[in-house]
Amino acid sequence: MSDALYYEENGDMMNVKKILCLIMVALLLSGCSSQTTEKQDKGKTVITMLYSSDLPNLEKLVEDTYTDIDLQIEKNALGTIDGETERRLRNGHGSDIVASTIATGEVLNYLADLSADDYISAYQSGIMHKIAIEGKNLFIPLPAQYYGYIYNATFVRENGLSVPKTQDEFIELLKKAKQENIGTDENGFNFAVNGTPATTATFAIATKIPDFFGLSDGIKWLDNIKSGKATFKGSLEMCLDFPMEIIDKEYMDPHPFTAISNAAPILEKMSKGEILVAFDSVTMLDNIQKNSKYEFDMLPMFSSEGNPAWTVSAPTAFLGINKELTKGENKAKLDACRKIFGILSTSEGQSAFMMDNGAAYSYLVDHKQIPDIIPDGIKSCIEDGYNYNISISNDLMRYFGNRCNAVLCGQADIESAFDAVDEYQKNGSSQSAKLLGIIDHDMIVENYNVRTEETEIGNLISDAVREITGADIAVVNGGSIRGSLYKGDIYSYDLDYVCPYENYIIILEVNADVIRSMLSNGLSAMIRDAEIPGGRFLNVSGLKYSFTEPTGSFPAQLVDVTLSDGTPLDENAVYTIAVTDYMAGSSGYLDNNGDGFTMLNVYSDDVPKAKTVKLASETGYTLHSILEKYIVSHNDEKIGSQIEGRITSVDEHE
C-alpha cells in the first residue's frame, strides 16, 4: 500500500493577505500532488497474490522491471490452496495469482491454462510432467525447500557426541543426549516435529523414502494413488514406525499432534538449546541460526534397511493464474500476471524469491544453484542425487497428516485412521451438507484482520457465543477464526473452514480486573506490517474496548473498556464470560498453548490457578456447533453483522 503524503506549511505570518496567499498556494500544490498520485495509481495494474509471508525482493524486482505493475502480497496463515482458498475463488474473492501445493478437484476449474506460455519451457521437464493436469500446465513451480533433521551442532561437538550416519546411530544420539540431559526441554524431550498435518505427513513419508518410495513398489504406489487405484491401508503403515518409536522412547512429545494443541515451537526451543533435533526445512534452519548463539546443521533422512541416506524436497508452492482473468475485461491483469511469471522464470526472479523465502533449489533448467544455501550435512546427498520430491496432492497429504496426528497422540488406532484416509481419497470429506440458513453479505477473513481489528465475522461469532450461552460477555480469539462467510446459502461444512478447532466453550465468573487483564493479553501479540500477528486478539460481544496502535518500539496497550452500552465496568460486580476451554488452560500453557491467558486458568497445573475466577459451567459446545445452532435459530431471517465500534484504536502511546 502507498504511504500517505503529508504537507505542512510553517512560517511567520505578517498579515491576513499573506496568510490567504499561502493557503491558496498550499491547496493548489496539494491538489496537484493528489492528482498526480491518482494518475500514477490509475496507470498501474494491481496484481494480488495470496502468500504466507511478505516477498519484498520479488515485489521490488517486478515493480522495477514493469513500472506499470503493482504487485501486492496478501499475507495469510494458510497461504496455499486448500478448502478455504477454493471457497474464496468460488465466491469471487480469489487472488489474481494463486499459490498452492499440488491441487486437485474443483479448484482446477478456477486456474488458467499456461501451456502455451513461453516461460513454461524454462523449467525442468520432469517437474512439469509431474504437475501437469491432463496434459495441461496450470502451474509453475516455485523454488524448493529441502527437509531433513536440523540438529544443534554445538551441543554435539562440545559434548563429544558423534554425528550419525545411519538410523541406528541417529537413535543412539537421541538416547545418549536424553541420558545426559543434552538439548532436552523441561519434560525431557529432545526431538520435535511441529505437528501441523502437512509437516507430519511429510515427516512420516520421508522416513520411508529409501526403503519404499525410492523402490519400484513405492514408485508404482505413487502412480496408482493419483488414479485412486492404491490404498494407504496395507501399504503405508510402516511410515509411522519411526515416529511411534521415538514417542515410545520418550524422545518426542506427542502433545503437539493433538487437534487442540499449538504446533511445537521449533524456532524458539531450538534457538534456546532446549531441543537437540527437529524435522523441518532449510528455511527453519536459517531462521534458527539467525536467532541463536549456537551452530546448527542438517542431517539427511536415514534408512532402517541400510539404503543410502536421502533428503526430501518440495516446491515451496506452485503458482497459477486465476481463470477469471482470461475474460476480456481483465486482459490487462492477465498480461501483467504473465509478465510476472516471466520474471519468476528467470534466474534473477528465482534468486529474488529465494532471498525472500530461504528456498534452496530452483527447478529452472539453467539456474545456477547457490551452494552456500545448502547445509553442509546434506550436500553429499544432493551431489549424489539422493533427493526425493513428494508428489501427493495437497488435500490428501493434509488429511493423511491429520490422521497420522491422531495416531501419534493416541486418539486413534492405525487401522481406523488409514481406513479414514482411504475413504477420504475415494469419496472426499464426509462433511454434512445440511443447509443451515442464509448469510446476507460477504464477511471476509483476510490480511489477518480478525487478529488486529474489529470485523464483521468476529462480531457475528462472538454474538453467537453470547446469545447461545446466555453469558454477560463473550470473547473469541482471532486465531480460532480461519475462514470467511459468503453471501447466500450457508451449509454445515462451510463452518468447518470458519471454525475448524475442537475447543469447547465454557462460562467463567470473573471480575473487572480479570476482564482488563484478559483484554491486555489479547493485545500483547499484535504485530502489523511485519511478522504474523498472534491469534490471541479478542473479538468481543457485550464489551467495548480501545487500544493504542502497536509500533516497533511500543506494543499495543489497553486504553479503555466498558460494557457494550458504554457503562463502565463495575469494580464490585461478578460477570459471566464465555471463553474457550483452551484459553482457560485445557491444553496447558507450555509451548505457547493457551495463548498466555493464565489469568483465566481453571484447568492447567502448568501455572497457578486463577484465584478470582470460577468455572460456572462447561457448555459442551464448540465454536462450530454454537455458530451452527445460532444460524439455525435465526433461519427465518438473513444472518449478518456490521462494524459497530466495539474495538477501536488510537495512535497515542502512554
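To keep it simple, each residue is scored yes or no on (1) within 23 Å of I47 (Cα to Cα); (2) crowded, with 23+ Cβ neighbours inside 10 Å.
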position	(1), (2)
G306	no, no
T316	yes, yes
K333	yes, no
K339	yes, no
E348	yes, no
L364	no, no
H367	no, no
I373	no, no
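Just to be sure I understand the filter: pairs with C-beta atoms under 6 Å, separated by 6 or more residues or on different chains, first member in the range 390-416 and more than 14 Å from L236 (Cα to Cα), second member surrounded by fewer than 21 Cβ atoms within 10 Å (Cβ to Cβ) and charged (D, E, K, R). Which pairs pass?
S391/K130
Check K609 against each of (1) at pLDDT 95 or above; (2) closer than 25 Å to E454 by Cβ and name the one condition it does not meet.
All conditions pass for K609, except number (2).
Checking L600 against (1) over 27 Å from the mean Cα position of the chain (by Cα); (2) of a type in the set (A, V, I, L, M, F, W, C); (3) at pLDDT 95 or above: exactly one of these is not met. Which one?
So L600 meets the others, but not (1).
This table checks each residue for (1) under 28 Å from D384 (Cα atoms); (2) within 25 Å of the chain's Cα centre (by Cα).
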residue: I205; (1), (2): yes, yes
residue: I219; (1), (2): yes, no
residue: M244; (1), (2): no, no
residue: I247; (1), (2): no, no
residue: P254; (1), (2): no, yes
residue: T258; (1), (2): no, yes
residue: M270; (1), (2): no, yes
residue: K290; (1), (2): no, yes
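Step by step: first the residues of the range 522-546, then only those that are touching a residue at least 24 places away in the same chain (Cβ under 8 Å) and surrounded by fewer than 20 Cβ atoms within 10 Å (Cβ to Cβ), then the one that is nearest to I461 (Cα to Cα). Which residue is that?
K544
For the range 350-370, indicate whether the set of residues that are among the aromatic types (F, W, Y) and either in contact with a Lys or Arg (Cβ under 7 Å, 6 or more places away or on another chain) or outside any helix (DSSP H, G or I) (or both) is non-empty.
The answer is yes; a qualifying residue exists.
Just one of the numbered conditions (1) of a type in the set (D, E); (2) over 25 Å from the mean Cα position of the chain (by Cα); (3) closer than 26 Å to P256 by Cα is not true of D496; which one?
That leaves (2) as the condition not met.
Considering every residue within the range 586-597, establish whether at least one is modelled with pLDDT of 95 or more and in contact with a strand residue (DSSP E or B) (Cβ under 7 Å, 6 or more places away or on another chain).
The answer is no, given that none of the residues of the range 586-597 is modelled with pLDDT of 95 or more and in contact with a strand residue (DSSP E or B) (Cβ under 7 Å, 6 or more places away or on another chain).
Let's see how each residue does on (1) within 30 Å of T199 (Cα to Cα); (2) part of a loop (DSSP other than H, G, I, E, B); (3) modelled with pLDDT of 55 or more:
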{"site": "A26", "(1), (2), (3)": "no, no, no"}
{"site": "S34", "(1), (2), (3)": "no, no, no"}
{"site": "K42", "(1), (2), (3)": "no, no, yes"}
{"site": "N57", "(1), (2), (3)": "yes, no, yes"}
{"site": "D64", "(1), (2), (3)": "no, no, yes"}
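Which is assigned to a strand (DSSP E or B), more than 25 Å from A259 (Cα to Cα) and not polar (S, T, N, Q), of V561, V579, V514?
After ruling out the rest, the residue left standing is V561.
Looking for whichever is surrounded by fewer than 19 Cβ atoms within 10 Å (Cβ to Cβ), of a type outside the set (A, V, I, L, M) and over 29 Å from Y491 (Cα atoms) here; the options are N601, N592. Which one fits?
Selected residue: N592, the only one of N601, N592 that is surrounded by fewer than 19 Cβ atoms within 10 Å (Cβ to Cβ), of a type outside the set (A, V, I, L, M) and over 29 Å from Y491 (Cα atoms).
Are any residues in the range 408-430 buried (at least 20 other Cβ atoms within 10 Å of the Cβ) and either under 10 Å from T200 (Cβ atoms) or among the basic types (K, R) (or both), and if so, which ones?
Once the filter is applied, which keeps residues that are buried (at least 20 other Cβ atoms within 10 Å of the Cβ) and either under 10 Å from T200 (Cβ atoms) or among the basic types (K, R) (or both), the range 408-430 yields only L408.
Take A177 and tell me if it is farther than 25 Å from A406 by Cα, touching a residue at least 24 places away in the same chain (Cβ under 8 Å), in the same structural domain as D422 (by TED's automatic domain parsing) and part of a helix (DSSP H, G or I).
yes
For G306, only one of the following conditions fails: (1) modelled with pLDDT under 90; (2) out of contact with any helix residue (DSSP H, G or I) (no Cβ under 6 Å at 6 or more places or on another chain); (3) not assigned by TED's automatic domain parsing to the domain that holds R157. What is its number?
(3)
Which residues, taken from the range 235-258, are more than 11 Å from F191 (Cα to Cα) and touching a Cys at 6+ places or on another chain (Cβ under 9 Å)?
Matches in the range 235-258: C239, L240, H255, P256, F257, T258.
Considering only residues that are within 17 Å of N322 (Cα to Cα) and among the charged types (D, E, K, R), look in the range 110-129 and name the one that is surrounded by the fewest Cβ atoms within 10 Å (Cβ to Cβ).
Result: D113.
Here are E618, E549, E628, E571: which of them is at pLDDT below 95, surrounded by fewer than 18 Cβ atoms within 10 Å (Cβ to Cβ) and either not assigned by TED's automatic domain parsing to the domain that holds L519 or not polar (S, T, N, Q) (or both)?
E549
For the range 282-333, which positions are of a type in the set (A, V, I, L, M), part of a strand (DSSP E or B) and over 16 Å from I382 (Cβ atoms)?
Selection gives L319, I321.
If you take the residues of the range 473-496 that are assigned to a loop (DSSP other than H, G, I, E, B) and out of contact with any helix residue (DSSP H, G or I) (no Cβ under 8 Å at 6 or more places or on another chain), which of them is modelled with the lowest pLDDT?
Only one residue fits best here, namely Y493.
Kindly evaluate P164 against the criterion of being touching a residue at least 12 places away in the same chain (Cβ under 8 Å) and within 24 Å of A309 (Cβ to Cβ).
Against the criterion (touching a residue at least 12 places away in the same chain (Cβ under 8 Å) and within 24 Å of A309 (Cβ to Cβ)), P164 qualifies.
Can you tell me which residue in the range 78-107 is nearest to I444 (Cα to Cα), limited to those that are modelled with pLDDT under 80 and among the aliphatic types (A, V, I, L, M)?
The residue in question is L78.
Quick one: which of D223, D211, D280, D217 is within 27 Å of P375 (Cα to Cα) and at pLDDT below 90?
So the residue among D223, D211, D280, D217 that is within 27 Å of P375 (Cα to Cα) and at pLDDT below 90 is D211.
The values are calculated or read from the model by the stated rules, or taken from the named source; none is laboratory data. Just so it is clear, the structure is predicted and the values come from calculations on it, not from any experiment. Virtual Cβ from ideal backbone geometry, glycine too; neighbours counted across all protein chains shown.
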